[in-house]
Amino acid sequence: MSKYVSNEDFVIALVTAKDIDEVLKTTGMTSAAAKQRATMLRKKGVKLSRMTRRESYGQLEIARLNALVKRYSTERAS
C-alpha cells in the first residue's frame with residue numbers, strides 16, 4: 001500500500017511538475033489514482049490544468065514520418 005498524499009502535496013506536485021510522469025514519481029501514486037484525484041479536485045472547483053504526458057515514441061514517429069512524406073512528395077513532384 002502506498003503512502004497517503006494530501007491534496008495540498010498533490011496540487012504542489014502537479015503544478016510544479018513538467019509532466020505526469022514527474023507527478024507520479026514525486027507522489028508515488030499510480031497514473032489512475034493521480035488522474036482520479038485531479039478530476040475530483042477539478043469537480044470541486046480547484047483550477048488545475050490538464051496533466052500532459054511526455055511526448056511518446058508514437059508521437060515522435062508520426063512527426064518524423066510526416067516529414068518524410070512531405071520531403072519525398074515534393075521530390076517526386078519535381
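If only residues of segment 47-66 that are among the small types (Gly, Ala, Ser) and at pLDDT 80 or above are counted, the one that is farthest from residue 19 (Cα to Cα) is 63. Within segment 1-37, being in contact with a Lys or Arg (Cβ under 8 Å, 6 or more places away or on another chain), surrounded by 14 or more Cβ atoms within 10 Å (Cβ to Cβ) and part of a helix (DSSP H, G or I) holds for 10, 20, 21. Selection of segment 67-78 for residues being at pLDDT below 85 and either surrounded by 10 or more Cβ atoms within 10 Å (Cβ to Cβ) or under 13 Å from residue 11 (Cβ atoms) (or both) yields an empty set.
The values are calculated or read from the model by the stated rules, or taken from the named source; none is laboratory data. Everything numeric in this text was worked out from a predicted model, so none of it was measured. For neighbour counting, all protein chains shown are included, and Cβ atoms are generated from backbone atoms with ideal geometry for every residue, glycine included.
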